[in-house]
Amino acid sequence: MQDDTSSRAREGQVTMSVRPGSVVRFRHREWIVLPSDNPEVVLLRPLTGTTEDAVPIHSWISQLLGSSLLSERLEPARFPLPDPTRLTDAEAVRLLAQAARLLLREGAAPLRSLGRISVRPRPYQLVPLLMALRLNPVRLLIADDVGVGKTIEAGLIARELWDSQEIHRFIVLCPPPLTDQWATELREKFHFDPVVVAPATLAALERTLPPGRSVYRHFPVIVASLDFLKLPRHREHFLEHAPELVIVDEAHGVVPASSAEQDPRHLRYELVLKLASNPQRHLLLLTATPHSGIERAFQRLLGLLHPDFEQWDPDQLDREQRDRLARHLVQRTRADIRDQWPEAADYYPQRRTVERPYTLSAPYGQLFRETFEFCRQLVERSRELPDRRRRFQWWAALTLLRCVMSSPQAAVEALTRRELPTDDSAEGEILLTGNGLEDEEPEALETTELRPSDEVPTPRLERATMQLLSPTDADRRRLAALARQAQRLVEDTAQDTKLQTCLSTVQELVAAGHHPIVWCFFVDTAEYVATQLRRTLHQAFPNLKVECVTGRLGDEERRDRVAALAQAPQRVLVATDCLSEGVNLQEYFDAVLHYDLPWNPNRLEQREGRVDRFGQRRAEVVVVRLYGQDNPVDAEVMSILLEKADRIRRALGTTVPLPEYEGWLAELLVHRLFERPRQLQLHLPLGPDPT
């Protein structure tokens, strides 16, 4: 009896010796053996089911029960040979062949990930995946052009590593506004079940954990904000349980541009550097602008892939260094893709840029000239101030001009609100970084890494105009008079020629069948423009819906408003730069109008890239740039930045980032606007840079 039991146990042990991919019989049906993390557990998927139907079987329990219950034994599946007398028709044979292909795609294909995705990758999007398969660990900087599909390329690599059992956990680190979008992409296109770890979700996630379990260990796929995890109270706990694969989106925002400790990128860099210090960890860095014009920042970015790369001078690489670096870096423009992949000619739309100039009306021109003179005096009176405080005055002068030229509503907001910020006020992060007036170090008027606030920065304008320079009663009366002029323009929109040009242009676009996005810099301007669009265009287009989306709305409400607007047969979206990064709008919109020109070519490309990207249904997208012919600020921005950026883009096929350090743009604009003869300033022609 004992020998018989031992024999059965040995038989059970033999039947358990199955490999992934084997077809077995268990509990009166056929199953396919899947890879399992636990050697004592056999993972079985029904022959006609999916991976979600997989059942784990403990080998020891199966052996114990199999000695007395034959149905609990794992046995090789046997199928009868085809009977030629039971043939039906060709259609049945074709269906059988297709069914077999669909079942085999998850196990036998060279790329296992292709059977687990719901998106059809283009051939060029497989290149980073093929490069990754040659690396161990996978360390890649994917720097393809805006709209090429870096999310799909990274998702393919993650899915392949997952399906080949190379990884069992991974995390996506991205800017806060992109967390939900990344989670949606991973869920809908790559068949993962991610959770978003954020201040609003952390407590709810922790309540679902078993005792003593970490969020970062328990959930296999996580999307989190880099700015959330960089904080000391979260960082060490996360690093203790960091997964095998880390994907860093917008990686150019990780590396600091200087050694200044107040640079918010330092904590981000420290976190990612510690993650990269594990030589076995897989790391994907995604960015469309890997080089910000600062050599040291680019070297640090490369150093995250391998410490040796940080020490190399990118301009002095020998052949061996270039070959080694090339295995870890992929960067292609749309022109590169069209040249290398002829079938990609139709993947992306053509971009047609139209310039729409306007001339200020007499009342608006008077408001601008008087504001300009006030700002010029603000700059003059700051000459004796220390360098930091003088730069703050430059910022105030340029920002006040920007508000006035954005819209009468933004001008009213900038000129009438008078309140001092509290210690924990977040306002003032617009255009500049810094925590306080005395310790500010202006870096840029409009950065790429830090999304600018879309609120009028009235508290800091108050500091600049009311505190630093000890204004007289005459100064206060002057500001009040300017505010009254702006209010009259709000009430008489016919005198706002910028608005009227926008209304006629949008009407032309809608009549031509386009669905435009109108980009504004300030919330007050966006709401002002949206209100006038609704009033003016309703009669001509009864089915037209106009929606306004700004930073005053939460992320979820922004998505809901855009989704609801997408259902309208005719639609116009008025938005601030809260939507200019990471949000894909190409399925719903096909034209862009820049109501306020950005002061950074990178921001311009990000705006236009929301519609000019892979997945755009139209063969051509229209870009309209609105500017004032008698507005020297627009003229300088056009000639110094945007036109030169366009020439570089046409010549090289890519956007060259704006260097973001030392406040050079503020200094240049102050010089060009306020320090040259005023007669030249007010009649500055558009065209080649005269300097």
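Of all the residues in the range 244-298, those that are within 22 Å of the chain's Cα centre (by Cα), at pLDDT below 90 and acidic (Asp, Glu) number 2.
If you go through the range 372-409 and keep only what is at pLDDT 90 or above and either β-branched (Val, Ile, Thr) or not in a helix (DSSP H, G or I) (or both), you end up with Val404, Ser407. Counting just the residues of the range 334-356 that are at pLDDT 85 or above and surrounded by 15 or more Cβ atoms within 10 Å (Cβ to Cβ), which one comes out nearest to Leu126 (Cα to Cα)? Restricting to residues being at pLDDT 85 or above and surrounded by 15 or more Cβ atoms within 10 Å (Cβ to Cβ), the top hit is Arg351. With a requirement of 3 or more residues that are more than 16 Å from Trp519 (Cβ to Cβ) and either at pLDDT 75 or above or outside the structural domain of Phe521 (by TED's automatic domain parsing) (or both), the helices (runs of 4 or more DSSP H) lying completely within the range 597-657 that satisfy it span 632-637.
A single member of Ala143, Ala154 is in contact with a Ser or Thr (Cβ under 7 Å, 6 or more places away or on another chain) and assigned by TED's automatic domain parsing to the domain that holds Arg300, and it is Ala143.
When every residue of the range 518-537 is checked against the conditions, none turns out to be assigned to a loop (DSSP other than H, G, I, E, B) and either surrounded by fewer than 18 Cβ atoms within 10 Å (Cβ to Cβ) or not assigned by TED's automatic domain parsing to the domain that holds Arg625 (or both). Selection within the range 564-593: residues that are outside any loop (DSSP other than H, G, I, E, B) and β-branched (Val, Ile, Thr). The member of this set that is nearest to Thr550 (Cα to Cα) is Val574.
Residues in the range 156-200 that are part of a helix (DSSP H, G or I) and of a type in the set (Ser, Thr, Tyr): Thr179, Thr184. Can we say Glu188 is touching a Ser or Thr at 6+ places or on another chain (Cβ under 8 Å), assigned by TED's automatic domain parsing to the domain that holds Ala158 and surrounded by fewer than 18 Cβ atoms within 10 Å (Cβ to Cβ)? When the stated conditions are applied, Glu188 passes them. Would you be able to tell me the number of residues in the range 214-233 that are out of contact with any strand residue (DSSP E or B) (no Cβ under 9 Å at 6 or more places or on another chain) and assigned to a helix (DSSP H, G or I)? Counting residues in the range 214-233 that are out of contact with any strand residue (DSSP E or B) (no Cβ under 9 Å at 6 or more places or on another chain) and assigned to a helix (DSSP H, G or I) gives 5.
The values are calculated or read from the model by the stated rules, or taken from the named source; none is laboratory data. Computed from a predicted structure; not experimentally measured. Cβ atoms come from the backbone with ideal geometry, glycine included; neighbour counts cover every protein chain shown.
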